[in-house]
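As structure tokens, the structure follows; a few thoughts come after it.
The values are calculated or read from the model by the stated rules, or taken from the named source; none is laboratory data. Since this is a predicted model, take the numbers as computed values, not measurements. Cβ placement follows ideal geometry from the backbone for every residue including glycine, while neighbour counts extend to all protein chains displayed. Each accessible area value is taken on the protein alone, full model and side chains, heavy atoms only, with ligands, DNA and RNA left out. Shrake-Rupley method; radii C 1.70, N 1.55, O 1.52, S 1.80 Å.
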Amino acid sequence: MSFYETLRHLADSYGLVVIFALYLVLCGWSFLPRSKAGVEEAKHSIFKDDHDG
């Protein structure tokens with residue numbers, strides 16, 4: 001079995017599970033209490049350079 005076939009087998013069998021788990025971890029990270037300051041900063045960062053006039 002070649003290296004490519006081995007990687008292909010791993011991607012076919014476990015790739016979707018790993019990507020889905022990573023998605024859940026990254027989405028859940030924003031709901032942790034210790035990340036509240038970073039979330040608030042990111043939420044308001046798009047308005048940082050706005051001027052009212």
Report task. With a 1.4 Å probe and every protein chain kept in, tell me what percent of the accessible surface of the chain is carbon plus sulfur. Result -> 68 percent
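So, with +1 on the Cβ of K and R and -1 on the Cβ of D and E, and no other charges, what is the size of the charge dipole of the chain about its Cα centre, to the nearest 20 debye? Don't skip to the answer; put the middle values down first.
Numbers: 5 positive and 7 negative charges, 53 e Å.
Dipole about the Cα centre, nearest 20: 260 debye.
State whether the chain is rounded, prolate or oblate according to the following rule on the C-alpha gyration tensor (a ≥ b ≥ c being the square roots of its eigenvalues): a/c under 1.5 gives rounded; otherwise a/b larger than b/c gives prolate, and the remaining case gives oblate. Write down the numbers at each step before the final one.
Details: a/c = 5.87, a/b = 2.65, b/c = 2.21.
Cα axes put the chain in the prolate bin.
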